[in-house]
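The structure appears below as C-alpha cells.
The values are calculated or read from the model by the stated rules, or taken from the named source; none is laboratory data. Just so it is clear, the structure is predicted and the values come from calculations on it, not from any experiment. All Cβ positions, even for glycine, are placed from backbone atoms using ideal geometry, and neighbour counts span all protein chains on display.
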Amino acid sequence: MGIAVEHFILQADELGLGTCWMGLFDEKKVKRALGIPRDRKVMALLPLGYFGEALAQRGHSRKTLEEMSSFNGWNMRE
Ligand SMILES: Cc1cc2nc3c(=O)[nH]c(=O)nc-3n(C[C@H](O)[C@H](O)[C@H](O)COP(=O)(O)O)c2cc1C
C-alpha cells in the first residue's frame with residue numbers, strides 16, 4: 001500500500017498537482033462521508049488538486065539531497 005501511495009504522489013507531482021499523504025483521520029466519519037462499506041479498511045487519504053496561486057508562485061523550499069542523505073555511512077558523501 002505504501003508503494004502504491006508513493007507512486008500516486010510522485011505521479012501527481014509530475015503532473016503539477018498537489019497531494020498529501022494523510023494517515024491521521026476519523027475513519028468512521030470518512031467512511032460515512034464517502035459511502036465506504038463498514039467491512040473495508042481505509043488505510044490512507046490522498047486529497048488531490050491544483051496549488052493555490054500563492055503556493056504555486058512561492059514553490060516548495062527543499063533541503064538539497066546532500067543535506068538530507070548519506071551514502072555508506074553517516075555524513076559520508078562518496
Ligand atoms: C504515512 C504518512 C502519513 C501522513 N499523514 C498525514 C496526515 O494525516 N495529515 C497531514 O497533514 N500530513 C500527513 N503526512 C505528511 C504529509 O503527507 C507530507 O509528507 C508533509 O506534509 C510534508 O510535505 P512536504 O514535504 O510537501 O512539505 C503523512 C505522511 C506520511 C508519510
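Below are the figures for this structure:
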item	result
Some residue of segment 61-69 being without any contact (Cβ under 8 Å) to a residue 12 or more places away in the chain and surrounded by 10 or more Cβ atoms within 10 Å (Cβ to Cβ)	no
Odd one out for PHE51, checked against (1) in a loop (DSSP other than H, G, I, E, B); (2) modelled with pLDDT of 95 or more	(2)
Subset of segment 14-44 [surrounded by 11 or more Cβ atoms within 10 Å (Cβ to Cβ), more than 9 Å from the chain's Cα centre (by Cα) and within 9 Å of the ligand (Cβ to nearest atom)]	PHE25, ALA44
Some residue of segment 50-58 being under 18 Å from GLU6 (Cβ atoms), under 16 Å from the mean Cα position of the chain (by Cα), within 14 Å of the ligand (Cβ to nearest atom) and not hydroxyl-bearing (Ser, Thr, Tyr)	no
